[in-house]
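Report on the structure given below.
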Amino acid sequence: MKHVTDLLRGPDYLKEGWRTLRRPGLRRFVLIPLLLNLILFSALIGWGIQQFDLWMTRLMPQLPDWASFIEWLLWPLFALVVLLVLFFGFSVVANIIASPFYGILAEKIAEQERNEVSPPTGWRDIALLVPHSVGRELRKLAYYLPRMGALLLLTLIPVVNLVASPLLLAFGVWMMAIQYIDYQADNDKVGFRDMLRWMQTRRSLSLGLGLPVYVGMLIPLVNLLVMPTAVAASTLLWVRENQGSTD
């Protein structure tokens, strides 16, 4: 029963995250990466439309005539796989670009939650954060790419791909949680492996947050708003679930 409750708490954090973005002092850390990601997203959509048919042709198994009736069941599944790769690829690049802003956004929200006060953040502070922020994003990529690559290879194997495709989608949900929880974990000087162990002890809660984020990331333009909302939601989750904990 607790697992079901935790799954439902994840979307609640996302709703509260959206409301949190309206707090004073947060606007520029939302609007600047939003503009940068809008430019990136427009370029990606144009390229993805050109490549979609080619990817679907390679993913769809060659079925005998007598089994062609199940093609209508497989097509949506593999279309979701293509969308996963496309939009998760967008989120990876977009988060690298926006990581200094999202790191500060998470820090400001955490300070408000903890009733802490820090000096105003200037452009110099943001610039100094770039090397560390990009490095942390690359650490997430080092975790993500081998696992995603293995699952993608399995989707190319007939019959096996019927199991691999749902696993790929589940991994995408898990990565959404990792992506955004990591911002405040990093601010709190928690190592990547320690953060993963923390999330594994709260797997249902993490997946409950990752699932609506994942779905939102598949919706064009909505995904641009989902990203800062997910930063806010995951920061609230991290701070509140860590209260009184030494994790």
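The values are calculated or read from the model by the stated rules, or taken from the named source; none is laboratory data. Fair warning: this is a prediction, and the values are worked out from it, not measured in the lab. Cβ atoms come from the backbone with ideal geometry, glycine included; neighbour counts cover every protein chain shown. Quick note on the areas: whole protein, heavy atoms, side chains included, nothing else; ligands and nucleic acids left out. Shrake-Rupley method; radii C 1.70, N 1.55, O 1.52, S 1.80 Å.
Quick notes
- Using a probe of 1.4 Å, the accessible surface attributed to VAL130 totals some 60 Å² when neighbouring protein chains are kept in position.
- Protein-only accessible surface order, largest first, of ILE219, ILE49 at 1.4 Å: ILE49, ILE219
- For LEU7, neighbours were defined as the other residues whose beta-carbon sits under 14 Å from its Cβ, and their charges (Lys and Arg +1, Asp and Glu -1) total +2.
- Difference of contour (0.36 nm per residue) and Cα-Cα distance, SER204 to ARG19: 64.3 nm
- Here the Karplus curve 6.51 cos²θ - 1.76 cosθ + 1.60, taken at θ = phi - 60°, turns the phi angles of the range 164-172 into couplings of 5, 5, x, 5, 5, 5, 5, 5, x Hz, with x standing for Gly and Pro.
- On the beta carbon distance between LEU34 and LEU218, with R0 = 22 Å, the FRET formula returns roughly 0.75.
- Ranking HIS132, HIS3 from most to least accessible surface, computed with a 1.4 Å probe over the protein chains only, gives HIS3, HIS132.
- Approximating the spin labels as points 7 Å out from Cα along Cα→Cβ, the ASN115-to-ARG197 distance works out to 3.2 nm.
- Each of LEU225 and ILE45 was given a label point 7 Å from its Cα along the Cα-to-Cβ line. The distance between the two points is 1.5 nm.
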